[in-house]
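Everything below concerns the one structure shown next.
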Amino acid sequence: MTGNLPKAFRVGLIGCGRISDIYLKTLAKFTEIDVVACASLDPEESRAKAEQHRIARSCSVEEVISDPSIDCILNLTIPAAHAEITRRALVVGKHVYSEKPFVTDMEEGRELLDLANAKGLKLGNAPDTFLGGRWQTVRRLIDEGAIGRPTGVFAHVGTHGTERHHPNPDFYYKPGGGPLLDLGPYYLTAMIFCLGPVARVAGMANRAFDRRLIENGPRNGEWVDVGVDTHSLSLLEFEAGAIGSMTMSFDIWDSETPRFEIYGETGVISIPDPDPVHGANDFHGPVWLRTRETSRWSHQPRPAGRDDWHEVENRHGFNQNSRGLGLLDLAYAVRDDRPVRASGDLSFHVFEVMDAIARAPVHGLYQTIESSCPIPDLLPENFPESEGFAPVEAEHAL
Ligand SMILES: NC(=O)C1=CN([C@@H]2O[C@H](COP(=O)(O)OP(=O)(O)OC[C@H]3O[C@@H](n4cnc5c(N)ncnc54)[C@H](OP(=O)(O)O)[C@@H]3O)[C@@H](O)[C@H]2O)C=CC1
Ligand SMILES: O=C1CO[C@H](CO)[C@@H](O)[C@@H]1O
């Protein structure tokens, strides 16, 4: 079936914190998504969010979940609450799109996938950054053979955590947090989108600090206990044969190490962001290519500068922060009864990879990954017009 959704896809938001603003801004551009109610634990916070984004109703979590007119729950709570909110929504027959990580343990993840399957409901999960123009371009290059058969991948995120910019950074330092579960999903999802599922991993981790000082907002000066490792190294082997390494850290003061690169038999794709937290965390940004013919190894003397990289043409949309795009795709997946791109299956696989990296030092050097997942299709270059939908002009959106 094509054409417009039969009615607006009615969404109830749970979790009205920091990340909700960009979701609500993105979704306001798509009139066929209607965020009709919102809730958080603090009623004052959800009331203010409803007023700021012209959401019709601010109410309790239970009222949002039990509202029969709502099609889908947008779960933007903290990691420790993701599985429970998702489970409650599925039980009452609602589709769910949730923030990452999908869950905080494997059992929860299996239960949610089984529940969604049994009830015929769609499960979507962040990140959706891989649907942005940058990552669609990277995948298209690989599909077109621009670097030949991929053989390797490298990711490095060297940050100093979140306590200098997040007013309530506690969840980043509790189980479900840490750099691997917080930032790993962006990089692993991008890798799996481009290279396919992961077969086995190895890992090591440590932590530089047992407590961290909040240095912004109303809780400035308060200490937070650290209950998770904050510096993680991993090795990855993909089913298709490529191997990779990944560093995710909250303990690095600064770095010039490349953020993300994919190596192939005949070329290299590089994501050259200067900012350590960007890379796969962004929808947009340059994609650089060097091939056998243009690489340093084809010139004598070898050029020292960065000038010879070719910036690849980006033909895709969503070259700005578009968090929420995965939910729009889910709405069309419901309409057309087709797979969700930013899916629960993909996020569960990503979670198993991270869980295995974290347990490798204790349970044995190499951990085999049991789950797999479908590789999401590229988005049509003119999405969502491709779905028979015209987005609202930017000035009409909030
Ligand atoms: N901040 C960021 O830059 C980004 C965050 N994310 C992800 O988004 C998610 C939320 O992060 P962020 O917005 O920063 O977090 P915040 O702490 O700012 O907001 C969390 C929200 O969830 C609500 N909440 C917490 N526990 C429950 C619960 N048990 N039931 C219902 N509501 C609950 C909180 O309510 P109350 O305030 O009333 O306690 C609050 O509204 C995380 O998974 C994070 O990884 C993703 C991308 C970027
Ligand atoms: O997902 C995220 C994107 O990057 C941010 C910057 O550290 C994190 O805080 C956040 O959780």
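Sort the following peptides by mean Cβ neighbour count (other Cβ atoms within 10 Å, averaged over residues), highest first: 178-190, 277-289. Kindly include the intermediate steps, with their values, before the conclusion.
Numbers: 178-190: 26.7, 277-289: 20.3.
Peptide ranking by packing, descending: 178-190, 277-289.
Compute the relative contact order of the range 131-311 as a whole-number percentage, counting only Cα pairs closer than 8 Å that sit 6 or more residues apart in sequence.
Details: 370 pairs, mean separation 54.7, N = 181.
Across the range 131-311, relative contact order equals 30 percent.
Dividing the convex hull volume of the Cα atoms of the chain by its residue count, what figure in Å³ per residue is obtained?
Values: hull volume 57.3 nm³, N = 398.
Per residue, the Cα convex hull of the chain comes to 144 Å³.
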Among the DSSP H helices of the chain, those whose Cα atoms extend at least 18 Å along the helix axis and whose mean Kyte-Doolittle hydropathy is 1.6 or higher are none
Kirkwood hydrodynamic radius (Cα pairs, Å) of the range 131-311?
17.5
Mark the label point 7 Å from the Cα of His299 along Cα→Cβ and return the residues of the range 250-289 whose backbone N is within less than 16 Å of it.
268, 289
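In the chain, what percent of the accessible surface is made up of carbon and sulfur (1.4 Å probe, ligands and nucleic acids excluded)? Write out the running numbers ahead of the final one.
Values: 8800 of 17030 Å².
Exposed carbon and sulfur together represent 52 percent of the surface.
For the range 300-366, what class follows from the C-alpha gyration tensor (a ≥ b ≥ c being the square roots of its eigenvalues): rounded when a/c is under 1.5, otherwise prolate if a/b is larger than b/c, else oblate? Can you show the working numbers first?
Values: a/c = 3.48, a/b = 1.15, b/c = 3.02.
Oblate, because a/c is 1.5 or more while a/b does not exceed b/c.
Can you say what percent of the DSSP beta bridges in the chain, counting only those with both residues inside, are antiparallel? Round to 5.
Details: 36 of 62 bridges.
The answer is about 60 percent antiparallel.
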Compare the peptides 211-218, 73-80 by average per-residue count of other Cβ atoms within 10 angstrom and give them in order, highest first.
73-80, 211-218
222 nm mean residue ellipticity, helices alone, for the chain (DSSP H n ≥ 4; -39,500 (n - 2.57); rounded to 500)
-9000 deg cm²/dmol
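Report the GluC sites (Glu not before Pro) located in the range 254-343 that are in a DSSP loop and have at most 11 other Cβ atoms inside 10 Å of their Cβ, or state none.
Glu256, Glu265, Glu293, Glu313
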Compute the accessible area per residue over the chain, keeping the other protein chains in place, probe 1.4 Å, unit Å².
43
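The values are calculated or read from the model by the stated rules, or taken from the named source; none is laboratory data. Predicted model only: the values in this text are computed from it and were never measured. Every residue, glycine among them, receives a Cβ derived from its backbone with ideal geometry; neighbour counts consider all protein chains shown. The accessibility values were calculated without ligands, DNA or RNA, using every heavy atom of the protein model including side chains. Shrake-Rupley method; radii C 1.70, N 1.55, O 1.52, S 1.80 Å.
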